[in-house]
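Colleague: Below is one structure. I have some questions about it.
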Amino acid sequence: MSDALAELSAAGVAVWLDDISRQRLVSGSLAKLIDEKHVVGVTSNPTIFAKALEDIDTYAETLTDLKARKVSVDEAIRMVTATDIRDGADLLRPVYDRTDGVDGRVSLEVDPRLAHDTAATIAEAKALWWLVDRPNVLIKIPATKAGLPAITAALAEGISVNVTLIFSLARYGEVMEAFVAGVEQAKENGHDLSKLASVASFFVSRVDSEIDKRLDKLGSSEAKALRGKAAIANARLAYRDYEQVFSTPRWKALADAGAKPQRPLWASTGVKDPAYDDTQYVVELVAAGTVNTMPEATLKAVDDHGVVRGDTITPYYADAQAVLDALAGVGIDYDDVVDLLEREGVEKFEQSWTELLDSVKKQLTKVDA
């Protein structure tokens, strides 16, 4: 039998899990995925933690201690999430060591309510980096306009960064510029560039969800023929831009000093439309030097019936551009789509953070002091 996840890894795609919880850590579930399913990294977000905190039993001891210390709800969330991320980082430390720091990474997001506040985002990133205190953590910073200078500033401090909520090619270009500038500043500040890591989380399925809705509203045969094609085309062109940026003399000078490139990470890879192949956002986005972070259902689908066909990105740049051109031709406003998705992405994470605050507040009132 073929091992699709092993084939992905061999093709240069790092398999990461888009989920973490205390239950996963204490039950051995995450360890098993690392040992048996080629998982070499973990991502988290406010929605994932809001769901994890629904399981009060596995957090009861921690919450009891926090209640006894009379900490605020915000501080309780920092402590709970940082503990899970620290334990996940320790579990993945052998992968980090084996891959010379490329993989074995675990991501923790700054408070999404700070997404439009540069100074607060920088301060939060520094605080979380200090709090988790593991070399293999990535601090997640959203790719908002305010987030861009925060990305540079965090990297300049020697903080490894996962840039999240990227939807547009133009914003992705700005993210890569922020990264390169941050690495240059880190070098000037005397940091070991070989220890600095970053990924750029380019969101996939949400692009199809929004554009398909608009195509359905148009209703023409030309519009319907484009359903389910936008997200993969968008991501493929992002990889084209990545290749260009990281082949410049400017980057080579940093690479010669030990810097590692900021890898494209395909996020939101769970298929939302049941009419589509449930592995398409994985098997259609295979190229060297990428990361695909999957919810467990997608990971299992790829493991069960995914067909890895080698590089499914670089041979298709012209096709991908043709898809975006065709979308414009039927009246889809790309800039409007990606701007909407960024706003909604921030709002969804803010909503999840609010839910997390409410959940922790309720749990703190339940546990015994």
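The values are calculated or read from the model by the stated rules, or taken from the named source; none is laboratory data. Just so you know, these numbers come straight off a predicted model, no measurement behind them. All Cβ positions, glycine included, derive from the backbone under ideal geometry; neighbour counts span all protein chains shown. Ligands, DNA and RNA are stripped out before the accessible areas are found, and what is left, the full protein with its side chains, is counted by its heavy atoms. Shrake-Rupley method; radii C 1.70, N 1.55, O 1.52, S 1.80 Å.
Colleague: Over 29 Å from residue 145 (Cβ atoms), without any contact (Cβ under 8 Å) to a residue 12 or more places away in the chain and open to solvent by 20 Å² or more (accessible area, probe 1.4 Å), is that true of residue 71?
Modeller: In short, yes.
Colleague: Restricting attention to the stretch 287-296, report how many residues are touching a helix residue (DSSP H, G or I) at 6+ places or on another chain (Cβ under 7 Å) and open to solvent by 30 Å² or more (accessible area, probe 1.4 Å).
Modeller: Residues that pass the stated criteria total 0.
Colleague: Something else: Identify, please: which residue in the stretch 96-118 is touching a strand residue (DSSP E or B) at 6+ places or on another chain (Cβ under 8 Å), crowded, with 17+ Cβ neighbours inside 10 Å and among the β-branched types (Val, Ile, Thr) and is, among those, farthest from residue 31 (Cα to Cα)?
Modeller: Once the filter is applied, the top-ranked residue is 110.
Colleague: Does the stretch 183-201 contain at least one residue that is assigned to a helix (DSSP H, G or I), of a type in the set (Gly, Ala, Ser) and touching a residue at least 24 places away in the same chain (Cβ under 8 Å)?
Modeller: The answer is yes; a qualifying residue exists.
Colleague: Can you pull out the residues in the stretch 126-141 that are surrounded by 20 or more Cβ atoms within 10 Å (Cβ to Cβ) and out of contact with any Lys or Arg (no Cβ under 9 Å at 6 or more places or on another chain)?
Modeller: Within the stretch 126-141, 129, 140, 141 qualify.
Colleague: Sort through 364, 299 and tell me the only one that's buried (at least 21 other Cβ atoms within 10 Å of the Cβ) and part of a helix (DSSP H, G or I).
Modeller: Among 364, 299, only 299 is buried (at least 21 other Cβ atoms within 10 Å of the Cβ) and part of a helix (DSSP H, G or I).
Colleague: Right, another one. Quick one: would you say residue 14 is over 23 Å from residue 200 (Cα atoms) and touching a residue at least 12 places away in the same chain (Cβ under 8 Å)?
Modeller: No; evaluated as a whole, the condition is false for this residue.
Colleague: Oh, and also: Of everything in the stretch 263-277 that's among the small types (Gly, Ala, Ser) and crowded, with 16+ Cβ neighbours inside 10 Å, which residue is nearest to residue 288 (Cα to Cα)?
Modeller: Applying the filter and picking the extreme gives 267.
Colleague: Given the residues 226, 138, 165, 215, which is the only one that is outside any helix (DSSP H, G or I) and more than 30 Å from residue 79 (Cβ to Cβ)? Steps first, answer last, please.
Modeller: Numbers: 138 fails: more than 30 Å from residue 79 (Cβ to Cβ); 165 fails: more than 30 Å from residue 79 (Cβ to Cβ); 215 fails: outside any helix (DSSP H, G or I).
None of the other options fit; the residue is 226.
Colleague: Filter the stretch 31-52 down to residues that are buried (at least 24 other Cβ atoms within 10 Å of the Cβ) and among the aliphatic types (A, V, I, L, M) and give me whichever is nearest to the chain's Cα centre (by Cα).
Modeller: Applying the filter and picking the extreme gives 42.
Colleague: On to the next question. Is there a residue in the stretch 123-134 that is free of Cβ contacts under 8 Å to residues at least 40 places away in the same chain and over 23 Å from residue 46 (Cβ atoms)?
Modeller: no
Colleague: What number of residues within the stretch 84-95 satisfy the criterion of being open to solvent by less than 20 Å² (accessible area, probe 1.4 Å) and either within 15 Å of residue 49 (Cβ to Cβ) or of a type outside the set (A, V, I, L, M, F, W, C) (or both)?
Modeller: 3
Colleague: In the stretch 308-342, which residue that is in a loop (DSSP other than H, G, I, E, B) and on the phi < 0 side of the Ramachandran plot is surrounded by the most Cβ atoms within 10 Å (Cβ to Cβ)?
Modeller: Once the filter is applied, the top-ranked residue is 313.
Colleague: Turning to a different aspect of this structure: Of all the residues that make up the stretch 135-153, how many are in contact with a Phe, Trp or Tyr (Cβ under 9 Å, 6 or more places away or on another chain) and more than 25 Å from residue 269 (Cβ to Cβ)?
Modeller: Within the stretch 135-153, the subset in contact with a Phe, Trp or Tyr (Cβ under 9 Å, 6 or more places away or on another chain) is 135-137, 139, 142-143, 151-152.
Now drop any that are not more than 25 Å from residue 269 (Cβ to Cβ), which leaves 135, 152.
Count: 2.
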